[in-house]
Amino acid sequence: MLRILTGIVLVSAASLAIAHAQSLQRLTVTQLTLAADTTTPRIEMPFHLIVTAHVRERISELDNLDLPILAELELQGDEHVTVASRTGTTYRETITVVAHHSGTITIAPVTLDAIDARNGKPTRFSSNSLTLHVAGPSAAIAATTNVFGNFVALFFFLVRLVLWVLGIGIVLFIVAALVRRRPRPIAAPAVTLAPPKPVIRDPKTQLRAALAALRADRSRAGAMRARHIVRQMVGATDAETLADVMRRPLVQDRDTRDLLRALERAGFTHNADLSVAIAAALAQLERMTA
Amino acid sequence: MTEGPAAITHALERTIVGQKGVIEGLLLGLLCGGHVLLEGPPGLAKTLACRSLADALHGEFKRVQFTPDLLPSDIVGTRIFDQRESAFTTVRGPIFANVVLADEINRAPAKVQSALLEAMQERQVTIGPQTHPLPDPFIVMATMNPLDSEGTYALPIAQMDRFLLKIDVSYPSRDDEFAILERFAIGDAPVIAPVATLEDVRTWRTQAHGVHVDDALKRYIVELVVITREAQHPAIDYGASPRATLAIANLARAKALLDRREYAVPDDVRAVAPLALRHRIGFNFRVSNDGGPARVLDELIARVPVP
């Protein structure tokens, strides 16, 4: 009997899960964000939380959008608008809330349950979470609530200011006294050091280095070394291909472009063409270093 | 008949204005013997490009409009009983062509999609008791519309993987659109005369297969694919499979052949990598906040040092 009851419960649970999955909308979610018009709201000053969702489909409503529980905020209003366009539908919900206590409030992400149209699977999409820093009451509110309190605060502020000024004055006096007592150092003769010579290798030097590398090793490895030197010469980075390098301002003269092409060929051509390609690269290097 | 694949490019450029990426992508697919997925809004000459390619090759072109009520036999063919002969005869479906355009492939249910994709993979179809080889060259060009996903059946990633490359077809520039108006306002698109034979295509494919890819370049290709799996990018759920590695290498060879070279260079790999990777990566919804799949992919590719 117990087994039968367990079976019935399991079947019911499974059918509920299937029913839930079937009731989900089929959506291509491209945006789901949670924002606020200020992240530093003040106590008792209403502000807005804005939920924005964009889907590629044209829909009239978002069915399974869950807003987080706003336990530390008082809900004052909620309105939403759904706008259809050529690229899909944008859903925007504006929630008006107010904070009654200062401090940090973290709002959990908004979630949207839907069948992801990209892969046909039920998916829970989550927005970002939001952290708000609620500051004390604004001046206007404080003024209307407690005038006497303002006077007391002003008095204490002035006392603190006077104490700070006195403290700084004492410290300055002690420092001045110490400086006056210290013997003056004998002025050392000024030594001007020559600035270090910058290690700038001119293009000719680098071309000669490339030529030497290729002459020393007439193989693919040698060609790659020469190619590396020439790429450094024109300022190429590791992320740049030959086409990127050719767009650089230093590579607008025909000789350099021909050399880069020749070295690219020597670096990547098939074995039967390798010796011819290396000879072409050497000839170009010799022409440029002559 | 021709001096090279560039002849087809020139022929297609007479009909297709602007879409150089589409023309090159179709040619790369043809040279590699792979299938092409085109994604773009309606009205961007996707069908015209596919038909023009078939015309330029003197090949047979068939178009299948995918709909929710399409059956596998509508694509591969069926057997019917001939009462005069008292025997079954085979009626071949539209898949028996050199260039097959599967228009809006995601509108048909999974059973039809898998029938087509199985034929794409095996290059043969079985109708009743008989197995029929498909013609050579055989290239499927499937289109998808990204703007309207209502009533569609998304292609599973395993089936997307069967396509060698995916081309994102975008709107033409102002100048190109003006040229389209000048060229096609009065009549239909000009008919393309054949500039190559099917035998030429088979020869080019053999040539492309022989293009040299150096070991340094092979390692670069592997790194490009591995970074999609290991980058831990928040917009990526899963990276590309080793089939992407093979696809990039083949496409780079074809690209080198198009540029009349017998060896591939890093520029070839960099140019074809997005075409082979974009549809093989599982992007999640966060990709929109990061600028879209193309931008995320560009960012990953830029992280890998060029040999």
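Each row is one residue, and each column tells you yes or no for (1) surrounded by 13 or more Cβ atoms within 10 Å (Cβ to Cβ); (2) more than 14 Å from chain B (Cβ to nearest Cβ); (3) in contact with a Cys (Cβ under 7 Å, 6 or more places away or on another chain).
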{"residue": "A:218", "(1), (2), (3)": "yes, yes, no"}
{"residue": "A:240", "(1), (2), (3)": "yes, no, no"}
{"residue": "A:245", "(1), (2), (3)": "yes, no, no"}
{"residue": "A:249", "(1), (2), (3)": "no, yes, no"}
{"residue": "A:258", "(1), (2), (3)": "yes, yes, no"}
Lone unmet requirement of (1) over 20 Å from residue A:244 (Cβ atoms); (2) within 14 Å of chain A (Cβ to nearest Cβ); (3) over 22 Å from the mean Cα position of the chain (by Cα); (4) assigned to a helix (DSSP H, G or I) for residue B:223 | (1)
With the first residue restricted to region A:261-280 and required to be more than 7 Å from every other protein chain (Cβ to nearest Cβ), and the second required to be polar (S, T, N, Q) and crowded, with 18+ Cβ neighbours inside 10 Å, Cβ contacts under 6 Å at 6 or more apart or on different chains are A:262/A:284; A:277/A:269
Give just the number: which of (1) crowded, with 18+ Cβ neighbours inside 10 Å; (2) more than 14 Å from every other protein chain (Cβ to nearest Cβ) does residue A:205 not satisfy?
-> (1)
Residue count, region A:98-128, condition surrounded by fewer than 18 Cβ atoms within 10 Å (Cβ to Cβ), part of a loop (DSSP other than H, G, I, E, B) and over 26 Å from the mean Cα position of the chain (by Cα), comes to 5
Of those in region B:68-89 that are loosely packed, with under 14 Cβ neighbours inside 10 Å and hydroxyl-bearing (Ser, Thr, Tyr), the residue farthest from residue B:37 (Cα to Cα) is B:86
Out of B:235, B:231, B:254, B:247, report the one residue that is more than 13 Å from chain A (Cβ to nearest Cβ) and over 24 Å from the mean Cα position of the chain (by Cα).
-> B:231
Is it true that residue B:18 is crowded, with 19+ Cβ neighbours inside 10 Å and part of a loop (DSSP other than H, G, I, E, B)?
-> yes
Given B:192, B:180, which one is surrounded by 13 or more Cβ atoms within 10 Å (Cβ to Cβ), assigned by TED's automatic domain parsing to the domain that holds residue B:43, at pLDDT below 90 and part of a loop (DSSP other than H, G, I, E, B)?
-> B:192
Limited to region B:121-169, what total is found for residues that are in a loop (DSSP other than H, G, I, E, B) and either of a type outside the set (Gly, Ala, Ser) or outside the structural domain of residue B:60 (by TED's automatic domain parsing) (or both)?
-> 21
Report whether or not residue A:283 is buried (at least 16 other Cβ atoms within 10 Å of the Cβ) and within 22 Å of residue B:263 (Cβ to Cβ).
-> no
Given A:209, A:223, which one is part of a helix (DSSP H, G or I), at pLDDT 90 or above and closer than 30 Å to residue A:275 by Cβ?
-> A:223
Here the qualifying pairs (Cβ atoms under 8 Å; residues six or more apart or on different chains; first in region B:21-48 and assigned by TED's automatic domain parsing to the domain that holds residue B:59 and farther than 19 Å from residue B:252 by Cβ; second surrounded by fewer than 21 Cβ atoms within 10 Å (Cβ to Cβ) and among the aromatic types (Phe, Trp, Tyr)) come out as B:41/B:171; B:44/B:171
Given the structure, is residue B:203 at pLDDT 90 or above, surrounded by fewer than 21 Cβ atoms within 10 Å (Cβ to Cβ) and within 27 Å of residue B:60 (Cα to Cα)?
-> yes
List every residue pair whose Cβ atoms lie under 7 Å apart, where the two residues are 6 or more positions apart in sequence or sit on different chains, the first residue falls within region B:273-297 and is touching a residue at least 40 places away in the same chain (Cβ under 8 Å), and the second residue, located anywhere, is in a helix (DSSP H, G or I) and among the polar types (S, T, N, Q).
-> B:277/B:228; B:281/B:228
Within region A:226-238, count every residue that is outside any loop (DSSP other than H, G, I, E, B), within 14 Å of chain B (Cβ to nearest Cβ) and among the small types (Gly, Ala, Ser).
-> 0
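For (1) touching a strand residue (DSSP E or B) at 6+ places or on another chain (Cβ under 6 Å); (2) farther than 28 Å from residue B:262 by Cβ; (3) not hydrophobic (A, V, I, L, M, F, W, C), each residue gets a yes or a no:
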| residue | (1), (2), (3) |
| --- | --- |
| B:10 | no, no, yes |
| B:16 | no, yes, no |
| B:21 | no, no, yes |
| B:37 | yes, yes, no |
| B:45 | no, yes, no |
| B:48 | no, yes, no |
| B:55 | no, yes, yes |
Within region B:53-98, can you find the residues that are within 16 Å of residue B:135 (Cβ to Cβ) and assigned to a loop (DSSP other than H, G, I, E, B)?
-> B:58, B:59, B:60, B:93, B:94, B:95, B:96, B:97, B:98
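Please verify whether residue B:214 is within 14 Å of chain A (Cβ to nearest Cβ), farther than 30 Å from residue B:292 by Cβ, charged (D, E, K, R) and touching a helix residue (DSSP H, G or I) at 6+ places or on another chain (Cβ under 6 Å), treating the condition exactly as stated. It would help to see each step written out before you state the result.
Working: within 14 Å of chain A (Cβ to nearest Cβ): yes; farther than 30 Å from residue B:292 by Cβ: yes; charged (D, E, K, R): yes; touching a helix residue (DSSP H, G or I) at 6+ places or on another chain (Cβ under 6 Å): yes.
Yes; evaluated as a whole, the condition is true for this residue.
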Going by the structure shown, is residue A:84 among the small types (Gly, Ala, Ser), part of a strand (DSSP E or B), surrounded by fewer than 17 Cβ atoms within 10 Å (Cβ to Cβ) and at pLDDT below 85?
-> yes
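Taking region B:260-307 on its own, how many of its residues are outside any helix (DSSP H, G or I), within 11 Å of chain A (Cβ to nearest Cβ) and not aliphatic (A, V, I, L, M)? Break it down stepwise before answering.
Taking region B:260-307 and keeping what is outside any helix (DSSP H, G or I), we get B:260-265, B:281-284, B:289-292, B:304-307.
Right, trim to within 11 Å of chain A (Cβ to nearest Cβ) and you get B:261-265, B:282-284, B:289, B:292, B:304-307.
Among the residues that remain, those that are also not aliphatic (A, V, I, L, M) are: B:261-263, B:282-284, B:289, B:292, B:305, B:307.
Residues flagged as outside any helix (DSSP H, G or I), within 11 Å of chain A (Cβ to nearest Cβ) and not aliphatic (A, V, I, L, M) within region B:260-307 amount to 10.
The values are calculated or read from the model by the stated rules, or taken from the named source; none is laboratory data. What you are looking at is a predicted structure, and each value in this text was computed from that prediction instead of being measured. Because the Cβ atoms are built from the backbone with ideal geometry, glycine has one as well, and the counts that use them run over all protein chains shown.
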